[in-house]
4 protein chains.
Amino acid sequence: MSIKTPIVILNFKTYLESSGENAFNLAKALESVATESGITMAAAPQSADIYRIRQETDIPILAQHIDPITPGGHTGSNLLECLCESGIDGTLLNHSEKRMNLADIDEIVKATKEKNIFSVVCTNNIETSVAAAILDPQFVAVEPPELIGSGIPVSQAEPEVVEGTVARVKEVNNKTKVLCGAGISTGDDVKAAMDLGASGVLLASGIILADNPKEALFDLISKI
Amino acid sequence: MSIKTPIVILNFKTYLESSGENAFNLAKALESVATESGITMAAAPQSADIYRIRQETDIPILAQHIDPITPGGHTGSNLLECLCESGIDGTLLNHSEKRMNLADIDEIVKATKEKNIFSVVCTNNIETSVAAAILDPQFVAVEPPELIGSGIPVSQAEPEVVEGTVARVKEVNNKTKVLCGAGISTGDDVKAAMDLGASGVLLASGIILADNPKEALFDLISKI
Amino acid sequence: MSIKTPIVILNFKTYLESSGENAFNLAKALESVATESGITMAAAPQSADIYRIRQETDIPILAQHIDPITPGGHTGSNLLECLCESGIDGTLLNHSEKRMNLADIDEIVKATKEKNIFSVVCTNNIETSVAAAILDPQFVAVEPPELIGSGIPVSQAEPEVVEGTVARVKEVNNKTKVLCGAGISTGDDVKAAMDLGASGVLLASGIILADNPKEALFDLISKI
Amino acid sequence: MSIKTPIVILNFKTYLESSGENAFNLAKALESVATESGITMAAAPQSADIYRIRQETDIPILAQHIDPITPGGHTGSNLLECLCESGIDGTLLNHSEKRMNLADIDEIVKATKEKNIFSVVCTNNIETSVAAAILDPQFVAVEPPELIGSGIPVSQAEPEVVEGTVARVKEVNNKTKVLCGAGISTGDDVKAAMDLGASGVLLASGIILADNPKEALFDLISKI
């Protein structure tokens, strides 16, 4: 599946502010900003919230993780086929809070293609971003771990990481686009990221915990 | 929360036959057998299927697992609060396909009590069942791993495990009830389990993969 | 194997100060304090340091962990039989930095008995200590996680945890002895622990990182 | 550190036949074959056996795994610095029996360079081999998991995997050499591997469980 960029992906993580009813409202906020702005705004809620959000919104929905299993006896895991039926359009993979081994990333990226959903492989530096790009996901999202949740945007604190990732990923796979995450929360952060060559951003607490998430989302895309 | 026994809990695992639309239909079959028989029939679907099943059935729903986390940054995990809002009444914990460490079982059993949902700690022999009972869940479900998915019922192959678990659990905690799993698929298996002192059964593939799951469920409870 | 109590077990963890040559010297210090005082002083070094320490000291040596495997294809794991041949007399299990699932603790405690080595199951509170005691190890070592490495001794900050663990473990298994860990570093801490009924202590950074570990060890046992 | 190729690496895994005294004897056999043939023969024993083998042989020794930690509180883990002091010259990483996540492989490959030891990243197909090569280890060892321990040599069953890996790794990193593993046990298998461009082989049970490992080793290198 192809997806229009620039893209803003909001990782709901497991905050109370983005669980259940709150997750639903946050997805509605994303939808309304997307409609008004024309920018692609995607939600990555917990598994248990996907179905409900799918029933009532039109934005792209991502799983936060897919377990490297095939159908069968895997109690407590999240099966690709089940998540697809719940309504996902794509998935995050290998987030710093849910790292996957190399063989499993490869396996699940291949499986997502068969299901025609897109994948965003999270990485922590230039080298792992290039390695991930070899596996041919639609996106890599580079997030220096020390900046996650820090409020210090990677696009300003370590611009060379974003720029270097964009340049070196293109050398090995010019179909994989680069997002950047970690510390992004304002329109200036997003603009800086895109000026460095990123095709969008992956963010979380900066929006989820904002006093007014919808306003924060509008600010976020104000300079694209 | 207290729950009427005997109880039949169907672990949906991650079979295609019990995912998405199929999960929904299986839950409806459980509900219809429960209504007709008066026996408590509970469903343990994947996280992504909980909300939908909750919207349209009245049977008890269990999560298959709850991650030992508190609200916050835990991408790809399943938060207790989110699962509760989706509609669970209880949860499996420590299934042989999703073992948990001792401290985490303790933590989540305690957390389920605060949320007023019930917990079923899966175990593999008498000793671990007694150890789990110390943590005071509503149920332990003893399943010798070599019999899981074997079609050989624990209640007939190793009756001393069920009987011993019932007796020794009662010594340390007379509030925790014992279920038995592993290889259970017929009414005779269930009757044998209950004659040994079990308060119900935990089952999976024997029903999920049956040609006619609803018929298999009726057979299952025919001798209670 | 039976082991004389009171016992002081020094967990070498993975500090540079307790690796390689430094591990060897620390074991020699333990031996010299044990010889002079008559108190049992045991070392729990990294796997790679066990053989060398065994060749040149007579103190009890524990592994820090044993993987729940049987001989075969388990690259990168630590096999009980290999550790025994290297010279261990016992093992820590389920340390807060290497938690194990309940079934695996049970399996390895049973396996250590066949090999005639002793086991110390680490736990985090009264409930998990009692649950672990059901599995019949020689020792449980209760360590409230918030106090590990804090310099605040559990025997003084949470005496009720040590006392409660001693009392409730005795109810379910009067052969399992209770050690206490977390924050222990002085002779007063040890005395307080033993006054509360502990049969010894498990410690680490307080000694390993001391300016003079040997002196710190002498101080530690000065009030027993 | 540079190491002469072709190289034969024997992964001792956790067999009784390659633990303790048996590990020592196997290492002596490797040494004697290396001396007689001039071929580089390396041993990858369990951590607990490294020190003893180092004391009495001159062959290259690899760890089977290094935990992605820095010095400190990591009970039960294997610290790079400790393994180096025990005498390793290199390490396997990401073996199919001990998969690592992508960020950790990157971190440990970088750390091995600082310690001047070599790294062999195990992979399962062409794509993951190329991704691993991006991280710049000295070797990738490609082992299709379905052939491990099968007795069916990858060099004959799936020659295109070896050839494709050699070709595509060279495109992204011409310093990383390719080994092949999985099912290799005879001189013909090794010759086939090298004809396909491999710089050596990684093997295990085919030699460890042979009636006469030393003879099996001589046969193995007979056609190089």
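What is the number of the single condition among (1) within 18 Å of the chain's Cα centre (by Cα); (2) open to solvent by less than 30 Å² (accessible area, probe 1.4 Å) that residue C:173 does not meet?
All conditions are met except number (1).
Could you please find all residues in region B:143-159 being under 23 Å from residue B:60 (Cβ atoms) and free of Cβ contacts under 8 Å to residues at least 40 places away in the same chain?
B:154
(1) open to solvent by 10 Å² or more (accessible area, probe 1.4 Å); (2) more than 7 Å from chain C (Cβ to nearest Cβ): which one isn't true of residue D:52, the others all being true?
Against the list (1) open to solvent by 10 Å² or more (accessible area, probe 1.4 Å); (2) more than 7 Å from chain C (Cβ to nearest Cβ), residue D:52 comes up short only on (2).
Of everything in region C:166-178 that's free of Cβ contacts under 8 Å to residues at least 40 places away in the same chain and of a type outside the set (D, E, K, R), which residue is farthest from residue C:129 (Cα to Cα)?
C:174
Residues of region D:33-57 being of a type outside the set (Val, Ile, Thr) and under 19 Å from residue D:200 (Cα atoms), which ones?
Narrowing region D:33-57 to residues of a type outside the set (Val, Ile, Thr): D:34, D:36-38, D:41-49, D:51-52, D:54-56.
Listed by number, the residues that qualify are D:34, D:36, D:37, D:38, D:41, D:42, D:43, D:44, D:45.
Only one of these conditions is not met by residue A:47: (1) touching an Asp or Glu at 6+ places or on another chain (Cβ under 8 Å); (2) farther than 25 Å from residue A:174 by Cα; (3) among the hydroxyl-bearing types (Ser, Thr, Tyr); (4) at the interface with another protein chain (Cβ under 7 Å from one of its Cβ atoms). Which number is it?
(1)
Taking the conditions exactly as written (part of a helix (DSSP H, G or I), charged (D, E, K, R) and touching a Gly at 6+ places or on another chain (Cβ under 7 Å)), does residue D:188 satisfy them or not? Break it down into steps so the answer makes sense when it comes.
Numbers: part of a helix (DSSP H, G or I): yes; charged (D, E, K, R): yes; touching a Gly at 6+ places or on another chain (Cβ under 7 Å): no.
Considered against the rule, which asks whether it is part of a helix (DSSP H, G or I), charged (D, E, K, R) and touching a Gly at 6+ places or on another chain (Cβ under 7 Å), residue D:188 comes out as no.
Hey, could you check region C:135-149 for residues that are within 18 Å of residue C:204 (Cβ to Cβ) and open to solvent by less than 50 Å² (accessible area, probe 1.4 Å) and say which is nearest to the other protein chains (Cβ to nearest Cβ)?
Going residue by residue through region C:135-149, those that are within 18 Å of residue C:204 (Cβ to Cβ) are C:139-149.
Those left that are additionally open to solvent by less than 50 Å² (accessible area, probe 1.4 Å): C:139-144, C:147-148.
Details: C:139: 15, C:140: 11, C:141: 12, C:142: 11, C:143: 10, C:144: 11, C:147: 13, C:148: 8 Å.
Among them, the one singled out is C:148.
State which residue is most open to solvent (accessible area, probe 1.4 Å) when the search covers only region A:199-220 and only residues that are more than 14 Å from chain B (Cβ to nearest Cβ) and within 13 Å of the chain's Cα centre (by Cα).
Going through region A:199-220, the residues more than 14 Å from chain B (Cβ to nearest Cβ) turn out to be A:199-201, A:210-220.
In the following step, the residues that additionally are within 13 Å of the chain's Cα centre (by Cα) were identified as A:199-201.
Numbers: A:199: 24, A:200: 2, A:201: 1 Å².
The selected residue is A:199.
For (1) part of a loop (DSSP other than H, G, I, E, B); (2) among the basic types (Lys, Arg), each residue gets a yes or a no:
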{"site": "A:155", "(1), (2)": "no, no"}
{"site": "A:163", "(1), (2)": "no, no"}
{"site": "A:168", "(1), (2)": "no, yes"}
{"site": "A:175", "(1), (2)": "yes, yes"}
{"site": "A:179", "(1), (2)": "no, no"}
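Might you check whether a residue that is in contact with a Pro (Cβ under 8 Å, 6 or more places away or on another chain), modelled with pLDDT under 95 and more than 22 Å from residue C:106 (Cβ to Cβ) occurs anywhere in region C:165-180?
Within region C:165-180, the first condition is being in contact with a Pro (Cβ under 8 Å, 6 or more places away or on another chain), and the residues that meet it are C:176.
Those still in the list that are modelled with pLDDT under 95 too: none.
No, because not a single residue in region C:165-180 is in contact with a Pro (Cβ under 8 Å, 6 or more places away or on another chain), modelled with pLDDT under 95 and more than 22 Å from residue C:106 (Cβ to Cβ).
Based on what the data block shows, is residue D:188 over 14 Å from the mean Cα position of the chain (by Cα) and closer than 26 Å to residue D:2 by Cα?
Working: over 14 Å from the mean Cα position of the chain (by Cα): yes; closer than 26 Å to residue D:2 by Cα: no.
Considered against the rule, which asks whether it is over 14 Å from the mean Cα position of the chain (by Cα) and closer than 26 Å to residue D:2 by Cα, residue D:188 comes out as no.
Name the residues in region C:1-53 that are among the aliphatic types (A, V, I, L, M) and assigned to a loop (DSSP other than H, G, I, E, B), would you? It would help to see each step written out before you state the result.
So in region C:1-53, the residues among the aliphatic types (A, V, I, L, M) come out as C:1, C:3, C:7-10, C:16, C:23, C:26-27, C:29-30, C:33-34, C:39, C:41-44, C:48, C:50, C:53.
The answer is C:1, C:3, C:39.
For residue C:114, work out the one condition from (1) more than 25 Å from residue B:110 (Cα to Cα); (2) under 18 Å from the mean Cα position of the chain (by Cα); (3) of a type in the set (D, E, K, R) it doesn't fulfil.
Condition (2) is where residue C:114 drops out.
Filter region C:57-77 down to the residues that are over 17 Å from residue D:19 (Cα atoms) and either in contact with a helix residue (DSSP H, G or I) (Cβ under 7 Å, 6 or more places away or on another chain) or modelled with pLDDT under 95 (or both) and list them by number.
C:57, C:58, C:59, C:61
In region A:3-16, what count of residues is obtained for those that are open to solvent by 10 Å² or more (accessible area, probe 1.4 Å) and touching a residue at least 12 places away in the same chain (Cβ under 8 Å)?
Total meeting the criteria: 6.
Has region D:17-35 got any residue that is crowded, with 22+ Cβ neighbours inside 10 Å, facing another protein chain (nearest Cβ under 7 Å), over 23 Å from residue C:100 (Cα atoms) and not small (Gly, Ala, Ser)?
Checked region D:17-35: no residue is crowded, with 22+ Cβ neighbours inside 10 Å, facing another protein chain (nearest Cβ under 7 Å), over 23 Å from residue C:100 (Cα atoms) and not small (Gly, Ala, Ser).
Limited to region B:113-133, what total is found for residues that are of a type outside the set (Asp, Glu), open to solvent by 10 Å² or more (accessible area, probe 1.4 Å) and under 13 Å from residue B:165 (Cα atoms)?
Matching residues across region B:113-133 total 3.
The values are calculated or read from the model by the stated rules, or taken from the named source; none is laboratory data. Note that the coordinates shown come from a computational prediction; the quantities given were computed from them, not determined experimentally. Methodologically, a virtual Cβ is constructed for each residue, glycine included, from the backbone with ideal geometry; neighbour enumeration extends over all protein chains shown. Accessible surface areas use protein heavy atoms only, side chains included; no ligands, DNA or RNA. Shrake-Rupley method; radii C 1.70, N 1.55, O 1.52, S 1.80 Å.
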